[in-house]
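Just below is one structure, and these are the notes that go with it.
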Amino acid sequence: MTATLIPSQQLLVPQLEIRGGKKLEGEVRVSGAKNSALVLMAASLLTENSLRLRNMPALSDIGGMADILAALGVQIERGSDWVELQANHLSHISPPYELVNSLRASFFCIGPLLARLGVARVPLPGGCKIGARPVVEHVKGLKALGAQVTIEHGVVSAVVPGRGHRLTGGRIYLDCPSVGATETLMMAAALADGETVIENAAQEPEVIDLAGLIIAMGGRVRGAGTPTITIVGMEKLHGANYMVIPDRIEAGTLLLAGAITRSCLRVTPVIPEHLGAVISKLEECGCQLNNDGIGITIKADRINAVDLRTQPFPGFPTDLQAPFMSLLATAEGSSVITEAIFENRLQHVGDLQRMGADIRTQGNTAFVEGVARLSGAPVTGSDLRAAAAMVLAGLAADGTTSVQGLQHLDRGYDNLEGKLNAVGASIKRTYA
């Protein structure tokens with residue numbers, strides 16, 4: 001579970017104190033996928049019935065989405081690894097700005113709200129400051145389904161004109177395969193009148209998971225995981241009891257923890273098909289990986305330099321670019337890393353340099369010359385995945401590394417320090 005602050009700690013800055021150089025050994029468990037769980041929670045707006053989601057990670061972002069849905073009138077119950085949502089009495093069509101501003105995934109609500117009620121007003125979202133991430137594709141797609149959409153004063157307003165206030169199925173071509181736009185439009189189309197075809201759709205596993213939930217709720221979706229997704233709209237959807245997929249980004253981060261500490265570590269549960277590009281790069285680095293169908297065991301002795309370029313799935317995920325850079329900072333040889341998804345996602349380079357990494361940048365490309373050792377230093381994670389990169393670097397560094405920016409880390413990793421400590425790391429959360 002994410003750490004709970006007592007009142008005397010709320011004025012202090014949390015940080016992780018990492019004593020590096022420890023070998024990891026044993027088995028570490030992967031939580032449910034954050035990026036899937038958030039959109040599945042938004043899908044509760046599609047039905048009056050109860051939706052129960054299992055394998056939910058204990059993250060601050062999950063709490064943030066729960067607050068947003070509660071503000072719309074959704075009744076929510078939460079357990080240790082589950083959440084139950086019932087949207088039979090929606091009381092608002094617009095989530096509060098102060099909640100939306102801190103959570104990018106809040107914009108998912110516009111699709112199901114519009115499909116269910118015929119009207120929605122959602123402020124433009126916040127989240128990690130790693131790039132523009134515009135909502136142009138979402139808006140274009142909603143218009144193709146018959147909505148009238150305007151953007152004024154930082155708020156996106158959408159309404160379905162005419163009687164019945166029901167969206168109409170249509171054909172949508174996305175100029176870029178945006179995961180958020182694909183998921184928003186899938187939910188909107190699930191209650192539309194007729195068939196919707198989304199072309200150049202995102203192929204990420206989280207899109208497939210959303211399709212699985214819509215089908216479990218009585219919807220009709222085919223083609224999820226391919227560039228063309230077809231949704232046949234239903235008049236109503238019912239509730240469901242659904243399990244969230246394992247978090248592929250957390251799994252990749254934990255595999256990298258084994259690699260950067262030159263350890264033998266088993267990571268489970270994992271869906272290997274979700275990690276194809278990552279597994280390929282780790283093997284190219286010289287790691288030995290054994291997939292037993294449930295988990296992956298990684299064994300690392302010597303790490304060789306590799307080049308990588310981030311791409312939409314099934315390419316190498318941008319969310320693991322920063323953590324993988326930490327590993328390559330300790331590799332033998334020269335690596336070239338190209339960030340092709342977000343324009344501001346090399347902010348972690350300066351902190352890795354502070355730890356002794358030999359990295360130079362040119363635009364969105366980083367040139368990494370591996371060094372024999374990293375040195376512990378005070379560093380700050382500037383966004384979610386940069387914070388994870390700092391933790392990984394701290395595991396391999398000589399001495400003690402102090403990592404701040406935990407408000408980012410806690411958004412996407414469920415008790416990362418506890419999991420790593422259980423397999424041999426030495427990490428302590430302190431307040432300064």
At q = 0.10, 0.11, 0.17, 0.20 Å⁻¹, the log10 of I(q)/I(0) for the range 239-371 from a Debye sum over equal Cα scatterers comes to -0.32, -0.38, -0.86, -1.15
Once amide hydrogens are built 1.01 Å from N within the peptide plane, the residues lying 5 or more places from G381 or on another chain with amide H under 5 Å from its amide H are Q404, G405
Output the antiparallel fraction of DSSP beta bridges having both residues in the chain, as a percent to the nearest 5. 70
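Kindly give Rg over Rh for the chain, based on alpha-carbon atoms, with the Kirkwood expression for the hydrodynamic radius. Write down the numbers at each step before the final one.
Values: Rg = 21.6 Å, Rh = 22.1 Å.
Rg/Rh: 0.98.
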Ignoring solvent entirely, what values of log10 I(q)/I(0) come out of the Debye formula for the range 34-243 at 0.13, 0.18 Å⁻¹ when each Cα is a single scatterer? -0.62, -1.32
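Taking neighbour Cβ counts within 10 Å as the exposure measure, how do Y173, Y242 sort from fewest upward? Please list the in-between numbers first.
Values: Y173 13, Y242 18.
In increasing order of surrounding Cβ atoms, one gets Y173, Y242.
Pairs of Cα atoms under 8 Å, at least six residues apart: use those to get the relative contact order of the chain, whole percent. Please report the intermediate quantities before stating the final value.
Values: 1084 pairs, mean separation 89.6, N = 432.
This gives 21 percent for the chain.
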What FRET efficiency would be calculated for the residue pair D175, R262, taking the C-beta separation as r and a Förster radius of 35 Å, to the nearest 0.05? 0.20
With the charge dipole of the range 301-432 built from beta-carbon charges (+1 for Lys and Arg, -1 for Asp and Glu) about the Cα centre, the Cα from A372, V391, S402 projecting farthest to the positive end belongs to S402
Fewest-first ordering of F316, F367, F108, F342 by Cβ atoms within 10 Å yields F367, F342, F316, F108
Flagged as over-length at 20 Å C-alpha distance, from K23/K299; K22/K428; K22/K299; K34/K299; K281/K428, the pairs are K34/K299; K281/K428
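Within 10 Å of each residue's Cβ, count the other Cβ atoms and sort M186, M41, M390 from fewest upward. Intermediate results must be reported in sequence, preceding the final value.
On the way: M186 28, M41 25, M390 33.
So the residues, fewest neighbours to most, are M41, M186, M390.
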Calculate the spin-label point distance for E48 paired with S280, positioning each point 7 Å from the Cα along the beta-carbon direction, and give it in nanometres. 4.9
So how far apart, in nm, are the two label points at I271 and E332 if each is 7 Å from Cα heading toward Cβ? 3.7
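Please give the length that would be gained between K236 and E152 if that part of the chain were fully extended, namely 0.36 nm times their separation in residues minus their C-alpha to C-alpha distance (nm, one decimal). Please list the in-between numbers first.
Details: separation 84, 0.36 × 84 = 30.24 nm, distance 3.13 nm.
Separation in residues times 0.36 nm, less the Cα-Cα distance, equals 27.1 nm.
All of the numbers you see were taken from the coordinates with simple rules; none came from a lab. Since the structure is predicted, the reported quantities are computational estimates derived from the model, not experimental observations. Because the Cβ atoms are built from the backbone with ideal geometry, glycine has one as well, and the counts that use them run over all protein chains shown.
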